[in-house]
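**Q** The structure that follows is given in the form of structure tokens.
The values are calculated or read from the model by the stated rules, or taken from the named source; none is laboratory data. Bear in mind that the values here come from a model prediction, so they are computed numbers and not experimental data. Here the Cβ positions follow ideal geometry from the backbone for every residue, glycine too, while neighbour counts run over all protein chains shown. Protein only, heavy atoms only, side chains kept; ligands, DNA and RNA dropped before computing areas. Shrake-Rupley method; radii C 1.70, N 1.55, O 1.52, S 1.80 Å.
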Amino acid sequence: MSRLEYQDMTIRTGGFALALLFGTTLGAHAADVVGPYETAPAPATEATVDYAGADFVFELGIQGIVQPEYLGSEDYQIAPSAIFSVEYVNLPGIGSFGGPDGLGFSIGPSFNYQPKRDSSDYATLKGLDDIDPSYEVGLKASYEWEYADVYGDVRYAFGGGEGFVGEFGARAIARPTEKLTLKFGPTVSLASSEYMDTYFGVSVRESVNTGGRLAPYSPSGGFKSVGLEAEARYEIFTDYFITAEGTYDRLVGDAKDSPIVKAGDANQYYFGLGLSKRFSLDLF
């Protein structure tokens, strides 16, 4: 798949998420959907913490992101991405996870997507094998207090790359107004040896294909990056949010020592701006 095909696919994916976001909003009366707050405030009112008996509260939206073209790249691309997060789940006979406005313990799915790396598109990578798109699926758990939170997620990658990858972090939280939330703190990521070898390894055959420009390299699993992240989230009106976020990651350990990264950049930046809506489902 070429980068143009990938961008076309991600645009169609983003468009579908946007259509689902607003289509679900318009069809809320036809489905068994119960808003945790008043669904059409006029004027906008302060959000409460009453889930109105709902069993599943989540956010759905779309965002535009700026990210490296591949892990270790010094070049960047813009692409759409879906927003999905779980705020509260109630399972009869088991218990509930999450809390009002995200406070307390929560657990939910975690997803990530690594686009195809077509080595012929980059002068520094010519001679390396291409990597098909990778899909990462797993779980995320977090605990949020009024002024801080901690989180961690673990995912399994399949497709072009295989193996486990995870991120962990802690953030300080400021709430200057009832509608604005700011978060800032350190992050760390780890990956298994299979995952690291896919994105940072160079086989002997590949090294020969590059004319020796990239030396053979076989990384081990362990720490992949350390960094900082910041997030600003504003409730523009009840249950609708604008979120801006930025992350700086510094590749470390065997990832940083890869000849692929040395030919690119160990400093990796991510920026995102998105619109999302909170939904609430009465399942039981």
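**Q** Checking Glu167 against (1) at pLDDT below 95; (2) within 22 Å of Pro80 (Cβ to Cβ); (3) open to solvent by 20 Å² or more (accessible area, probe 1.4 Å): exactly one of these is not met. Which one?
**A** (1)
**Q** Keeping to the range 137-148, report how many residues are open to solvent by less than 50 Å² (accessible area, probe 1.4 Å) and either modelled with pLDDT under 95 or closer than 19 Å to Phe58 by Cα (or both).
**A** 4
Yes/no per residue for (1) more than 14 Å from Val188 (Cα to Cα); (2) not in a loop (DSSP other than H, G, I, E, B):
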position: Ala215; (1), (2): yes, no
position: Pro219; (1), (2): yes, no
position: Leu228; (1), (2): no, yes
position: Ala232; (1), (2): yes, yes
position: Phe241; (1), (2): yes, yes
position: Glu245; (1), (2): yes, yes
position: Asp254; (1), (2): yes, yes
position: Ile260; (1), (2): yes, yes
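**Q** All but one of (1) among the aliphatic types (A, V, I, L, M); (2) in contact (Cβ under 8 Å) with a residue 40 or more places away in the chain; (3) more than 15 Å from Gly61 (Cβ to Cβ) hold for Val252, so report the exception by its number.
**A** Result: Val252 passes all but (2).
Residues are listed down the side, and each one gets a yes or a no for (1) at negative phi; (2) touching a residue at least 40 places away in the same chain (Cβ under 8 Å):
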| residue | (1), (2) |
| --- | --- |
| Ile65 | yes, yes |
| Pro80 | yes, yes |
| Val86 | yes, no |
| Gly95 | no, no |
| Gly104 | no, yes |
| Asn112 | yes, yes |
| Lys116 | yes, yes |
| Leu125 | yes, yes |
| Tyr135 | yes, no |
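**Q** Based on this model, can you work out whether Asp75 counts as surrounded by fewer than 16 Cβ atoms within 10 Å (Cβ to Cβ) and either more than 24 Å from Gly274 (Cα to Cα) or modelled with pLDDT of 90 or more (or both)?
**A** Spelling it out, Asp75 is indeed surrounded by fewer than 16 Cβ atoms within 10 Å (Cβ to Cβ) and either more than 24 Å from Gly274 (Cα to Cα) or modelled with pLDDT of 90 or more (or both).
**Q** So, in the range 86-130, of the ones that are of a type in the set (A, V, I, L, M), open to solvent by 20 Å² or more (accessible area, probe 1.4 Å) and in a loop (DSSP other than H, G, I, E, B), which residue ends up farthest from Thr238 (Cα to Cα)?
**A** For the range 86-130, the residue satisfying everything is Ile94.
**Q** If you check every pair at least six apart or on different chains, which have Cβ atoms under 8 Å apart with a residue in the range 188-202 that is open to solvent by 20 Å² or more (accessible area, probe 1.4 Å) first and a residue that is of a type in the set (Lys, Arg) second?
**A** Leu190/Lys224
**Q** Given Phe111, Phe105, which one is under 18 Å from the mean Cα position of the chain (by Cα) and farther than 16 Å from Phe200 by Cβ?
**A** Being under 18 Å from the mean Cα position of the chain (by Cα) and farther than 16 Å from Phe200 by Cβ holds for just one of Phe111, Phe105, which is Phe111.
**Q** Asp55 - would you say it is open to solvent by less than 30 Å² (accessible area, probe 1.4 Å), of a type in the set (Asp, Glu) and in contact with a strand residue (DSSP E or B) (Cβ under 8 Å, 6 or more places away or on another chain)?
**A** Here the answer is yes, as Asp55 does meet what is asked.
**Q** Okay, moving on. Read through the list (1) crowded, with 18+ Cβ neighbours inside 10 Å; (2) modelled with pLDDT of 95 or more; (3) in a strand (DSSP E or B), then give the number of the only condition that Ile173 fails.
**A** Condition (1) is where Ile173 drops out.
**Q** Just to verify a result, which residue in the range 149-164, among those that are aromatic (Phe, Trp, Tyr) and open to solvent by 40 Å² or more (accessible area, probe 1.4 Å), is farthest from Thr247 (Cα to Cα)?
**A** Per the criteria, the residue is Phe158.
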